[in-house]
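Working notes for the structure below.
Please treat every number below as a calculation from the coordinates, not as lab data. Everything numeric here is computed off the predicted structure, so don't read it as measured data. Cβ atoms come from the backbone with ideal geometry, glycine included; neighbour counts cover every protein chain shown.
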Amino acid sequence: MSGNNNNSPFNLRSILEKDKLNGNNFLDWERNLRIVLRSEGREDVLETPIPVLTTTSTDAEKEAHKAVAERSVIVTCLMLAAMEPSLQKRFASLDAYSIIRQLKTMFQQQARIERYETHKAILECSLVEGKPVATHVFEMIGYFEAMERLGFPYSQELATDIILHSLHKGFNTFRLNFNMMRVSKTLAELMGCS
């Protein structure tokens, strides 16, 4: 099949077969879809509407329509194959661009809830006395990365401030020294600072 690298030691498409879109996993499904399409050089299809033809369309417009439509067919089929049957039926007559737009509208609330829950976890996260700092910072980095995947990244500086704030009172001197020295560390480097 064109665009699918059969010479690869593994087939990325298998991640879509393993976890089909079922209505509860849109964010993970879309992320996996984009990984597969990026590896095949087709991610742009999700952002490119098929040009509309009219009776006055020029030959160039007809060619552009044909080229975009042809690229869309493979992606559309892949998307439909990676959905549960009820969703396949709903989207069977649409192209890839239209499908992803409608799915985003349908699952916008799901993304909002995930963003809220992740942000809440960040704000409620605090290091318990006696627990390893590295494990705590690693957990918080995971939350920050999740927010970035959801399209709401925290800046490095803000993430560091939140982590420093989440440390228990035993770290007051460390926090003071850290801020006085205007230390500029990545979040990963912060894990080793205790």
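Couple of notes before you dig in:
- Efficiency of FRET between T173 and L150 - r from beta-carbon atoms, R0 45 angstrom, step 0.05: 0.80
- Of K20/K89; K131/K169; K20/K66; K18/K89; K20/K104; K120/K169, pairs whose Cα-Cα distance is over 25 Å: K20/K66
- Per-residue [θ]222 nm for the chain (sum of -39500 (n - 2.57) over DSSP H runs n ≥ 4, rounded to 500): -19000 deg cm²/dmol
- 5 angstrom amide H check on M83, placed H, neighbours 5+ away: L21
- Spin-label model, V128 to E157: label points 7 Å out along the Cα-to-beta-carbon direction sit 3.4 nm apart.
- Largest-first principal axis extents, alpha carbons of the chain, Å: 74, 38, 35
- Amide H contacts under 5 Å for H168, placed H, 5+ residues apart: L127
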